[in-house]
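The values are calculated or read from the model by the stated rules, or taken from the named source; none is laboratory data. Here the structure is a predicted model, which is why all the values come from computation and not from measurement. Cβ placement follows ideal geometry from the backbone for every residue including glycine, while neighbour counts extend to all protein chains displayed.
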Amino acid sequence: MVKAALLEERYPNLSFLLRVHPFKPCPLSDKSVDLPKQDLEAIYVYGLNETAYLSLKTWLLENPERELIFLEENLGALDAFLETEHAGEIINHPQVHLRFNLDNKRLTPFLEECAESFPFEKIAVLSSEKTSRFYRIRLKLHRLTTIQHALFLERYYYHHLVKNLVPNFRRMDTSFDGNGLKGQFKNVPAIICGAGPSLSNDITALRTLDDRALIIAGGSAITALSNHNIRPHFGIAIDPNEEEVARFENSRAFEMPLFYAPRVHPKIFDTFNGPHGYLSTGTGGPLEKWLEEKLGLGQTPLQQGFSIEALSVTTTAIELAATLGCSPIILLGVDLAFTEGKTYASGVIADPTAPQEKTLKRKDIYGKPVNTLIKWVMESSAIATFAKNTPHLQLINATSGGLGFTNIPNMPLAQCPLSPPTDLRSKVHEAIQTHPLQVSADEVSTHLDILRASLLEARGYIQIALDELERIKGEDRDPETGKVIFAQMELETLDAYTCFLEGAAQSFIPLLMRKFRTSTENKWAFLFSKWKAYESLVGTLVSCLT
């Protein structure tokens, strides 16, 4: 009865289901799980397992921010679990979580909810029974957690992204309208170049196609092509990190027209002299959306159809080519694998400081085994999904190696349908000249000044909350007083909160809750840390907008 009461208190929905939902008795596994040796932030165990908890108990004790999550799909197992010796301890343990899925058709949404709740970089998924369903769940959880961890970092470090966004917004008045070129290259073939190892096989042929297809490249592919004296008709830059600057510094495409997302590292503009086009992608987060709305841009969205797993410059290039009206869209050098053991095509210098990631074995387009990474498997899947969702588009994979893509036929570059020779450089120049971005520098500055004033107002409410928390420090009372609640409510009405603080709070508040576990005695420390985080964040953002 005590264990049932504990279940009712912490997991009322599970307790209710156990009382009203029919289930068959299900014995619990008492087999141990193979414990991973690497440092982890969270461990999932598929199937309630008291033995697994006991073997991981010390692991949890070593770090109060670690999490253990049991995944179960059978209420009978929960019923049996309540009869075990340590059930009450497990239910009551603040670092242990029970997650149930009772609908086989809801597996993906269920795992998405888990990944959102635990968006860690380092996870393991274990089970004492190695079934095909377990392997399916493990792969899905790793893929979904990769996405959620990336989104978590975007929100948590958004203030760093703002340091890129602001100078790039101030460049809008000299930009052409990237989204506004919709349909300007209708039925012109596009060759989307990646920097995969197989690109080297097609360099000679690519040199002859300057007037027969629009050549589009991003990131390392720009470096690879330019170092082989091939200048793309368009480049794309979206990466906010220093690595993007290094790629441009190592390229020779000094006058190439460039589409840029406002999140890109602004120092890339010191490396070339070509025209640049503002590309609204939504990757600049709430500040990008807010400013575009204030400027009344009403940007034409890029071609829809990608899943959330689309995280690369290649997927952006495909969206762009489709928006431009290009057909067919040909993928070249998009290996997404270590073809012949290599990472990049010739002409690209690999970053020696890049972290080493765990490789996976998959079959390439020829049915031969090849090493790849989970992020590349995800990208291949995302591109395949895009092809399925946009059947009106003709996509061809001309990459002579790598993973390939379900729903996209493989075809050698020499056999791909291309246009008769035409002056595509002139067509590109005309499109750029006739589609300036209708934004003035004064407009941008005015709205950024308004946002800075909103941040200063936010600072005032933050100070109210901090002063109140200092005043009641040590008192035996709920620290969330009327003044603290008032400060939070007023803060949430500001543009500064919408653009900056709301997303950041979605990341740092769960971290603080994990740190303090929000017990009554820790609530003051939790609230004080939260408001100090707001204070630090606002200070950084004000300097970005100054």
Residue list for region 240-265, filter: surrounded by fewer than 20 Cβ atoms within 10 Å (Cβ to Cβ) and within 21 Å of the chain's Cα centre (by Cα): ASN241, GLU242, GLU243, VAL245
Verdict on ALA52 being over 24 Å from LEU139 (Cα atoms) and either part of a helix (DSSP H, G or I) or among the acidic types (Asp, Glu) (or both): no
Members of region 166-217 found to be assigned to a helix (DSSP H, G or I) and of a type in the set (Asp, Glu), listed by number: ASP173, ASP202
Residue tally, condition of a type in the set (S, T, N, Q) and modelled with pLDDT of 85 or more, over region 501-546: 7
Members of region 145-200 found to be over 19 Å from the mean Cα position of the chain (by Cα) and of a type in the set (Val, Ile, Thr), listed by number: VAL166, THR174, VAL188, ILE191, ILE192
Unmet requirement for SER220, which otherwise passes all of (1) more than 26 Å from LEU153 (Cα to Cα); (2) at pLDDT below 95: (1)
Pick from region 433-455, criterion farther than 16 Å from LEU297 by Cβ and over 30 Å from the mean Cα position of the chain (by Cα), ranking: surrounded by the most Cβ atoms within 10 Å (Cβ to Cβ): ALA453
Cross-chain or 6+ apart pairs with Cβ under 8 Å, region 464-488 first and in contact (Cβ under 8 Å) with a residue 24 or more places away in the chain, then of a type in the set (A, V, I, L, M) and outside any helix (DSSP H, G or I): PRO479/ILE472
Filtered residue count, region 55-67, keeping only those that are crowded, with 18+ Cβ neighbours inside 10 Å and either basic (Lys, Arg) or over 22 Å from HIS142 (Cβ atoms) (or both): 1
Which numbered condition ASN92 fails, given (1) in contact (Cβ under 8 Å) with a residue 40 or more places away in the chain; (2) touching a strand residue (DSSP E or B) at 6+ places or on another chain (Cβ under 7 Å): (2)
Residue ID - surrounded by the fewest Cβ atoms within 10 Å (Cβ to Cβ), chosen from residues in region 269-296 that are within 27 Å of PHE306 (Cα to Cα) and free of Cβ contacts under 8 Å to residues at least 60 places away in the same chain: GLY296
LEU78 being in a helix (DSSP H, G or I) and touching a residue at least 60 places away in the same chain (Cβ under 8 Å): yes
Tally of residues being of a type in the set (D, E, K, R) and either buried (at least 19 other Cβ atoms within 10 Å of the Cβ) or assigned by TED's automatic domain parsing to the domain that holds PHE516 (or both) across region 68-84: 1
Single residue of region 306-332 satisfying the filter (touching a strand residue (DSSP E or B) at 6+ places or on another chain (Cβ under 9 Å), assigned to a loop (DSSP other than H, G, I, E, B) and at pLDDT 95 or above) that is surrounded by the fewest Cβ atoms within 10 Å (Cβ to Cβ): SER327
Any hit, region 30-42, residues being in contact with a Phe, Trp or Tyr (Cβ under 6 Å, 6 or more places away or on another chain), closer than 30 Å to ASN522 by Cα and either surrounded by 15 or more Cβ atoms within 10 Å (Cβ to Cβ) or not hydroxyl-bearing (Ser, Thr, Tyr) (or both): yes
Filtered residues of region 85-142 (kept if closer than 14 Å to TYR53 by Cα, exposed (fewer than 15 other Cβ atoms within 10 Å of the Cβ) and of a type in the set (S, T, N, Q)): ASN92
Qualifying residue in region 114-121 (condition: closer than 30 Å to GLU292 by Cα, touching a residue at least 24 places away in the same chain (Cβ under 8 Å) and assigned to a helix (DSSP H, G or I)): yes
The lone exception for LYS182 - which of (1) closer than 26 Å to PHE338 by Cα; (2) among the basic types (Lys, Arg); (3) at pLDDT 95 or above it fails: (1)
